[in-house]
Amino acid sequence: MPTPPFDTPVAAPPKTWKIAVLPGDGIGLEVTREAVKVLQALAARRPEISFEFAEHAVGAEVFRLTGNPLPDPVFEACRSADAILLGAMGLPNIRWPDGRELTPQIDLRERLDLYCGLRPIRLLDPADSPLKNGSARPIDLLIVRENTEGLFSSRQTRFDPGAASVSDQMRITRHGSERIFHAAFAQARQRRRKVTLVDKANVLPSMVFFRQVFQQVARQYPDLDTECVYVDAAALYLVQHPERFDVLVTENMFGDILSDLAAGLVGGMGMAPSADIGDRAAVFQPAHGTAPDIAGRGIANPVAAILSAAMMLDWLGSPETRQGAERIRQAVTRVLAQPQNRTPDLGGAISTSQMGDLIVSQL
């Protein structure tokens, strides 16, 4: 699993880690509850690890009541916390007046400058993959997504609904590119020492520039293997030969799309944790959305949220929290080693809370 992507160590841990908890909307409330339950159980077993959880209301329902999906006091609480644990935010039927869906999670990334998106993809049980011969094709890769520019740069642009055309801008800067590439190379040094740039440099000038910066930064890491792959080919190779990849680094939109594709290879979005990391703050959340069609039914898969909590412990950076992260990952692996331990998305019948209880029992 990913390690902190920066060489600068996290500050010495306080006696109690202050965690801002943002359950959000839909199944976010349900899966976050299980992640917190696992963290509390870990702390009960390991007295050297202590948490202070502060839960805050954010998201579409808050917007419906107040007109602001991310109230200023909540943002300040996030900024002062040691880490942020997020469920999922947004509902398709609650939107801004111009029709855009609410995305306060992206607001957090941009306002806190959480430029490094980590999307680990690891197959825990070959039976959960739709690929043939999954047992012979280990899947263990990391998508490193640039979070603050790229094609998402135009998301706040207003347009005239009666216009004959609307344009979005792909914004690639040298500063933004260099720092995400350094983060990707730091990750690769902790893994299998290979970095793949995913771009569209055969068509887009911005991607030509992106690749040039990548190649310049790569010269500083002669001990690592590198390659450049077009995004359409990368999608093909992820399905045909996922074992060829270690760390993939890419632009914001490409990273968004490939993360979902890759999650499908290991059982779906309920198995896909993520982290959005900056120099001074970080958010940890399952890569899935709010899934309003199953919200409130107690059948959502909490594994992605629980593994995201483990990533949070890794990032906090003390020996005790990193050991705790490994205990959580081992517990998840032991639970899923039993075929009957599956939520409905994986073909099973156990509930959200039952999955959380099983993982707690294996800590």
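What follows is calculated from the coordinates using simple rules that are stated; it is not laboratory data. Since this is a predicted model, take the numbers as computed values, not measurements. Backbone-built Cβ (ideal geometry, glycine too); neighbour counts: all protein chains shown.
Observations
- FRET efficiency, S361 to R64 (Cβ-Cβ, R0 51 Å, nearest 0.05): 0.85
- A simple charge model with +1 on the Cβ of Lys and Arg, -1 on the Cβ of Asp and Glu and nothing else charged puts the dipole of the chain at about 640 debye relative to its Cα centre.
- Residue separation of K132 and L261 scaled by 0.36 nm, minus their Cα-Cα distance, works out to 44.8 nm of gained length.
- Derived value for segment 16-56: Kirkwood hydrodynamic radius 10.7 Å. Basis is the mean of 1/r over every pair of different alpha-carbon atoms.
- Rounded, prolate or oblate (a/c below 1.5 giving rounded, otherwise prolate when a/b exceeds b/c) for the chain by Cα gyration tensor: rounded
- Residue among P71, A57, L85 farthest towards the positive dipole end of segment 45-182, charges placed on Cβ: L85
- Most to least packed among 245-257, 298-310, 331-343 [average Cβ atoms within 10 Å]: 298-310, 245-257, 331-343
- Pairwise label distance in nanometres, Q338 with A164, each label 7 Å out on the Cα-Cβ vector: 6.6 nm
- Beyond 23 Å, the tail of the calculated P(r) for segment 45-134 holds 46 percent of the Cα pairs.
- The peptide list 315-325, 86-96, 149-159, put in order of mean Cβ contacts within 10 Å with the highest first, becomes 86-96, 315-325, 149-159.
- Farthest towards the positive end of the charge dipole of segment 136-295, among the residues C228, A272, H288, is the Cα of C228, using unit charges on the Cβ of Lys, Arg, Asp and Glu.
- Quarter of Cα convex hull surface for segment 212-363, i.e. mean projection, nm²: 11.4 nm²
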